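Trainee: I am attaching a structure below and will ask some questions about it afterwards.
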Amino acid sequence: MSDLSQLVKAYDVRGVVPDQLNETVARALGTAFVEMLRESGDDAERIVLAHDMRETGPALAAAFSAGANSAGATVVHIGLGSTDQLYYASGVLGLPGAMFTASHNPAKYNGIKLCRAGARPVGQDSGLVIVRQRAEELLNDLDAVGEVPPAIEHRNLLADYARHLRGLVDLSGIRPLKVVVDAGNGMGGYTVPAVLGDQELSALPLEIVPLYFELDGSFPNHEANPLDPANLVDLQAAVREHGADLGLAFDGDADRCFVVDENGDPVSPSAITALVAKRELAKFPGSTVIHNVITSVAVPEIITENGGVPVRSRVGHSFIKAEMARTNAVFGGEHSAHYYFRDFWFADTGMLAAMHVLAALGGQPQPLSQFAAEFERYAASGEINSTVADAPAKIAEVRAAFADATLDELDGMTLRLSDGAWFNLRASNTEPLLRLNVEAPKPDRMAALRDQVLAIVRG
């Protein structure tokens, strides 16, 4: 129990309950989090906490709260929430935060996403290693974890969160849209009605067709991971059945949003990044926009065409958020369907990205398939994972096979070929996997290059 290296990952805490994450561990992590904040000079008198719909969430959150209390912090508990709702609370209250979720992972998992005040990330380079080490010390000496009376404030910020988002994107004047929303039994089923369907905030010209809005951490219908095509099948069928204008799919903690058009065809997250970037640059001309190394080449092209400054980042929210803070970027997008906004404390919110898509689509007459074509210029493979025994050796072998290509090592290995095709090959932080992304001007060239690289990786 005292070795947490398999539980505390590069960006968050995530593991199987109770084998890796249980109430004892959660309590130690709560104490360690507050102590880390205090030692780094942050105000740790109060922290804000939320949990998603997983059955193990309330007990783990309570244990974490007890640990935080024992370190001298009062816990502001906002109860059920999406991850971006926790970021909203951290931002608007100016408090460090802890979100209990395992995002899209199966039901047996749970985890914690930590942030400093203002939703600033806590990752392996910004305090998470210290939290792990201190928690391990506490678990080796359980007597060091004292008992103190609970100090918990209960707040419901759902309506405030909805009002804040509605103030960032005006949907009142768009043409009527029919929208199928697949919440995957995750937190979108809690937040979408509040943001897009709350009549008290004023009715929007949206007809929402709900799919799997019932909160259920056992995920009885499908995994809440919209990047897996298998989990989009029900949404695609429902969009076609209802004659909807588009479909939205949220992951378990609703910080990611995936889009399908009126035909049920997926709209690339790179295209959504470019679409939102164009809108934000219209409001804030000349701003910086962050994109990671596996987004389409169309993204920096469109940013530049619209007067913005594109900046590439490593994959992962802690890297994106750090770059956004460094450059004061107005927006950032990842090909994993995470979207980050300066006016949301540089944090990621799938809901706000969805609202930008609705505003853009509803502000012009074309169907989404035609409208999105402007932002989808090249053929992409999507991310392909391969299990390998020796990732560095395979990367070197691929590099040797493409000796004439231009090399970029910002995140893994990106090789650019003379005909405009490129691919990125990078090792997973947590698994024996190599991740491949390929893009080319034409589908047949992309497929040929993809197969050529995979033959080496899997050979």
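Trainee: I need the strands (runs of 3 or more DSSP E) fully contained in the stretch 401-446, keeping only those with at least 1 residues that are over 22 Å from N385 (Cβ atoms), in contact with a Lys or Arg (Cβ under 9 Å, 6 or more places away or on another chain) and free of Cβ contacts under 8 Å to residues at least 24 places away in the same chain.
Mentor: Result: 406-408.
Trainee: Name the strands (runs of 3 or more DSSP E) wholly within the stretch 145-236 that hold at least 1 residues that are open to solvent by less than 20 Å² (accessible area, probe 1.4 Å) and of a type outside the set (V, I, T)?
Mentor: 177-182
Trainee: Here is a follow-up. When both residues are 6+ apart or on different chains and their Cβ atoms are under 6 Å apart, which pairs have a first residue that lies in the stretch 60-73 and is part of a loop (DSSP other than H, G, I, E, B), and a second that is of a type in the set (S, T, N, Q)?
Mentor: Close Cβ pairs satisfying both conditions: A71/T31.
Trainee: In the stretch 88-126, which residues are in a loop (DSSP other than H, G, I, E, B), of a type outside the set (S, T, Y) and open to solvent by 10 Å² or more (accessible area, probe 1.4 Å)? Reasoning before the result, please.
Mentor: Within the stretch 88-126, the first condition is being in a loop (DSSP other than H, G, I, E, B), and the residues that meet it are 94-96, 101-108, 122-126.
Going one step further and asking which of them are of a type outside the set (S, T, Y), we end up with 94-96, 102, 104-108, 122-125.
Residues satisfying the conditions are G94, L95, H104, N105, P106, A107, K108, Q124, D125.
Trainee: I need every pair where a residue in the stretch 261-287 that is of a type in the set (F, W, Y) has its Cβ under 7 Å from the Cβ of a residue that is open to solvent by less than 30 Å² (accessible area, probe 1.4 Å), sequence separation at least 6 or different chains.
Mentor: Listed by first residue and then by second, the contacts come to F284/V330.
Trainee: Taking N429 and the conditions (1) in contact with a Cys (Cβ under 9 Å, 6 or more places away or on another chain); (2) open to solvent by 60 Å² or more (accessible area, probe 1.4 Å), which numbered condition does it fall short on, given that it satisfies the others?
Mentor: (1)
Table: residues versus (1) farther than 28 Å from A10 by Cβ; (2) at pLDDT 95 or above; (3) touching a helix residue (DSSP H, G or I) at 6+ places or on another chain (Cβ under 9 Å).
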| site | (1), (2), (3) |
| --- | --- |
| V357 | yes, yes, yes |
| P367 | yes, yes, yes |
| Y378 | yes, yes, yes |
| V398 | no, yes, yes |
| A403 | yes, yes, no |
| E409 | no, yes, no |
| K442 | yes, yes, no |
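Trainee: Can you find even one residue in the stretch 68-81 that is surrounded by 23 or more Cβ atoms within 10 Å (Cβ to Cβ), closer than 18 Å to G350 by Cα and in contact with a helix residue (DSSP H, G or I) (Cβ under 6 Å, 6 or more places away or on another chain)?
Mentor: Within the stretch 68-81 (the criterion being surrounded by 23 or more Cβ atoms within 10 Å (Cβ to Cβ), closer than 18 Å to G350 by Cα and in contact with a helix residue (DSSP H, G or I) (Cβ under 6 Å, 6 or more places away or on another chain)), the answer is no, since none of the residues qualifies.
Trainee: Considering only strands (runs of 3 or more DSSP E) fully contained in the stretch 253-350, which possess at least 2 residues that are hydroxyl-bearing (S, T, Y) and under 28 Å from Q366 (Cβ atoms)? Step through it out loud before you land on a result.
Mentor: Details: elements: 257-260, 288-292, 309-313, 331-333, 339-341.
The strands (runs of 3 or more DSSP E) meeting that bar are 339-341.
Trainee: Then there is this: Do we have any residue at all in the stretch 401-423 that's in contact with a Phe, Trp or Tyr (Cβ under 8 Å, 6 or more places away or on another chain), open to solvent by 70 Å² or more (accessible area, probe 1.4 Å) and closer than 19 Å to T295 by Cβ?
Mentor: Yes, because at least one residue in the stretch 401-423 is in contact with a Phe, Trp or Tyr (Cβ under 8 Å, 6 or more places away or on another chain), open to solvent by 70 Å² or more (accessible area, probe 1.4 Å) and closer than 19 Å to T295 by Cβ.
The values are calculated or read from the model by the stated rules, or taken from the named source; none is laboratory data. Just so it is clear, the structure is predicted and the values come from calculations on it, not from any experiment. Note: ideal-geometry Cβ built from the backbone for every residue, glycine included; neighbour counts use all protein chains shown. Surface accessibility is based on the protein's heavy atoms, side chains included, excluding ligands, DNA and RNA. Shrake-Rupley method; radii C 1.70, N 1.55, O 1.52, S 1.80 Å.
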